[in-house]
Protein chains: 2
Amino acid sequence: MTSPLASNLAKPDPERDLVIEREIDVPVALVWKAWTTPAHLRQWFVPKPWTITACEMDLRPGGIFSTVMRSPEGQEFPNLGCYLDVVPEERLIFTDTLLPGFRPSPNPFFTAALLLASNGSGTRYTAIALHGDAEGRKKHEQMGFYDGWNTVVDQMVDFIKRQ
Amino acid sequence: MTSPLASNLAKPDPERDLVIEREIDVPVALVWKAWTTPAHLRQWFVPKPWTITACEMDLRPGGIFSTVMRSPEGQEFPNLGCYLDVVPEERLIFTDTLLPGFRPSPNPFFTAALLLASNGSGTRYTAIALHGDAEGRKKHEQMGFYDGWNTVVDQMVDFIKRQ
C-alpha cells in the first residue's frame, strides 16, 4: 500500500485498534460486491435476528454510507458516516466521525478499514476499527466487537454462497 | 464540483458553518503554492506577532497536515490533522477530526475547505469551516474566526507579492 494509511493498517496499535483477520473461501470480487451493493449488504451486515432496514452508499471520499439497524423488538438505530478511501477489491475505509461532505459528526466514534487480498480462490479478509484513544477501543470491545464482526463475516460468506 | 462536498460547499449552513469569501489580486497558482509549501505557509498562516515554528504536509487523503503555532510569550500550540481532498489550484480540504491515516482524533473540532477560482489575474478565495453543530460554530466564532482568518489572508497576499 502506498497510502498514508499504510502505517496504521500494516501495524495496528493494540492500545487503540481492534482487528479481525480471516481467511474465507469466497472470492475477493464477491466480497467487494457484498460490501458495496446496498441490497447485498442488507442481507448480512448485522447479526441476526437484527435486520438492516435501510442502506445508502455513495462510494467516493466524502460520500454517504448510512445504515439503519433494527432490533428484534422493532427499535431502529441509524448509523451515518462517509467513505474516506475506496480502492475496488482492495480497500474500503469509512468513518462515523465525519458526516457526508466531511462535516464533523456531533457523535464521533471510529474509523473502519476493510482490507481484501486474493488468496487462491478465497480471500484474506482484514477489518480494523481505529479509535481516538484506548477508551474508545475498550468501549467498542465491550459492545461485542469481536463476536459481532465475526458473526457478520460468517453471514456474509453464507450469503455469497447462496447467490 | 462533482464531489459530495458540493452540497456543503455550494450552500454552507449558517447554523454550523463559518465562511470567508474574498477577491484577492494574486494568481491562483501562487495561492495554491502558499497553502501547500511548508516554508511558504510558515510565513503567513498565523496572525503576527504569533509565528509558525513547524509545519508538515503530506498532500493526499489521510496525509498529515500539522503546524505548531507559537505565541509572542513563547508558548507553543500544536495542531494535528489530515487532508481529505486535494485538487490542485481548486480545492483543499483538511480536518482536525481525523489524525494522519484517518484515525479519529481524541479532540475533534472542525473541517476546513479552501476553494479557489481564477478571476482575471486574481483569485476568488473562499474558506469554509464546517462544524458538527451550532455550538462548534459559535465557539470558533468567539475564538476570533473572522478576524484571524481574514488577517492571515492579508498576510498571505503580502507574502506572495514580496516573493
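The values are calculated or read from the model by the stated rules, or taken from the named source; none is laboratory data. This is a predicted model, so every value here is computed, not measured. Glycine gets a Cβ as well: all are built from the backbone with ideal geometry, and neighbour counts include every protein chain shown. SASA here: full protein model, heavy atoms, side chains in, ligands and nucleic acids out. Shrake-Rupley method; radii C 1.70, N 1.55, O 1.52, S 1.80 Å.
What the table below lists for this structure:
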| quantity | calculated |
| --- | --- |
| Computed FRET value (nearest 0.05) for residue A:150 with residue A:60, which takes r as the C-beta separation and R₀ as 30 Å | 0.55 |
| Heavy atoms of residue B:143: accessible area, 1.4 Å probe, square angstrom to 10 | 130 |
| B:32, B:149, B:44, B:50, reordered so the largest accessible area comes first (probe 1.4 Å) | B:50, B:149, B:32, B:44 |
| Shape category assigned to chain A from the gyration tensor of Cα positions, a/c cut at 1.5 | rounded |
| Distance in nm between pseudo-label sites at residue B:13 and residue A:25 (7 Å out along the Cβ direction from Cα) | 4.8 |
| Relative contact order for segment B:1-159, counting Cα pairs under 8 Å that sit 6 or more residues apart, in percent | 26 |
| Partners for residue A:161 among lysines (Cα-Cα distance below 26 Å; same-chain residues under 8 apart left out) | A:33, A:48 |
| 222 nm mean residue ellipticity, helices alone, for chain B (DSSP H n ≥ 4; -39,500 (n - 2.57); rounded to 500) | -8000 deg cm²/dmol |
| Number of partner chain Cβ atoms within 10 Å, mean per residue of B:69-79 | 0 |
| Surface per residue (accessible, 1.4 Å probe) for the protein assembly as shown, Å² | 47 |
| Cα-centred dipole magnitude for the protein assembly as shown, charges only on beta-carbon of K, R (+1) and D, E (-1), debye, nearest 20 | 360 |
